[in-house]
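Where a number appears in this text, it was derived from the coordinates with a stated rule and is not lab data. Quantities reported herein were computed from a predicted structural model and do not represent experimental measurements.
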Amino acid sequence: MPIIDSQVHTYQKNTPTRPWAGFLHGPDSVTGDEMVAAMDAVGVDGALLVSPFAMYRFDGSYALEVFEKHPGRFGLIKPVDTSDPAVGDVIDVWAATPGTVGVRIMMNDSVSEDPADPGINRVLTAAARHAIPVNILAWGRLEQAAAMAARNPNTRIVIDHLGLRQPFEPPAPPNPWGELPKLLALAAHDNIAVKISGACTLAHQPFPYKDIWDPLFRIFDAFGFGRCLWGTDWTRAVGVLSYAQGVDAFQVTDRLSDSDRAALMGGSLAKLYNWSPTKT
């Protein structure tokens, strides 16, 4: 079974030709070549490449360039604008683009807190039409995610980064798993899956981060390994750990059986996104 990272980011340096709209914690740039080299060094076969909203907002053009240069290594996800009346048309075009596997909603202050919001539901409806998942960053808004899933049972919703706020620099917050019960409640909705991405940044113990496993197993028990997708959230996590540590922590632990590890680190993602990497 291939090893697939459920979330990585690539971006170029901030230049007038491709300016950043904001800032993402990490190096000055992480090119597609650099991301592939990091994956190759630790045996990661492929990844979901999420166009970074912090830099590029709703423009997925650099992700497309990376995909064209490294065919078979990345499935592509880009943020979409729920305030755009034509967002359904945007998703129609994106879904027809080679490499596309999903879209993303950044549930920030500009996005309505109403699960019945027309813009949100245009995104969910269009994604269901193309059978592609909607990834949502829903920190502090997990109850809204539950209502969105209930209103759109035919749309696959994937909760980014455990649905829990994660640090950009150490140390981890005193109670990083405080909202875990809200995440566990989402397991009642069959159309919700969860990315186990950035989990190592919530550890108080050093590598191999043994203190993450008890709360993680509460998630595994609730959702089942079929709806849990390992990932690193590289390079957002660069201030806390190395890419190798984010991979190796899940490889070396004795808490996972071989079959559970295979599902968590690629098998379940391949089924949910209908995508697997092919090395060329």
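A few notes on this one:
- Annotation: amide H-H contacts under 5 Å for Ser197 (H modelled 1.01 Å from N, sequence separation of 5 or more, or interchain): His161, Leu162, Gly231.
- DSSP beta bridges in segment 4-273 [antiparallel fraction, %, rounded to 5]: 5 percent
- Separation of alpha-carbon centers, segment 225-276 and segment 95-131, rounded to whole Å: 24 Å
- Evaluating 6.51 cos²θ - 1.76 cosθ + 1.60 at θ = phi - 60° for every residue in segment 128-133, the Karplus couplings come out as 5, 4, 9, 6, 10, x Hz, glycine and proline recorded as x.
- Close amide-amide hydrogen proximity is noted between Asp5 and Gly46, Ala47, Leu48, each under 5 Å apart and 5 or more residues distant or on a separate chain (H modeled in the peptide plane; Pro and chain starts excluded).
- Of the cross-linked pairs Lys195/Lys279; Lys13/Lys78; Lys78/Lys195; Lys13/Lys182, those separated by over 27 Å at the C-alpha level are Lys13/Lys182.
- Coupling constants for segment 139-151 follow from the phi torsions by the Karplus curve (6.51 cos²θ - 1.76 cosθ + 1.60, θ = phi - 60°), and in residue order they are 4, x, 9, 5, 4, 5, 4, 4, 5, 4, 5, 5, 6 Hz; glycine and proline get x.
- Projected area, mean over directions - segment 218-274, Cα convex hull, nm²: 4.4 nm²
- Calculated mean residue ellipticity at 222 nm for the chain: -9500 deg cm²/dmol, from DSSP H runs with n ≥ 4 weighted as -39500 (n - 2.57), summed, divided by the residue count and rounded to 500.
- Cα pair distances in the chain, grouped into 5 Å bins until the bin that holds the longest one, percent each: 1, 6, 13, 18, 20, 19, 13, 7, 2, 0
- Partner aspartates and glutamates for Lys69 [C-alpha distance under 13 Å; skip if fewer than 8 residues away on the same chain]: Asp33, Glu34
- Scalar couplings 3J(HN,Hα) for segment 181-197, obtained by applying the Karplus form with A = 6.51, B = -1.76, C = 1.60 to θ = phi - 60°, are x, 5, 5, 4, 5, 5, 4, 5, 9, 4, 8, 10, 10, 9, 7, 8, 10 Hz; x denotes Gly and Pro.
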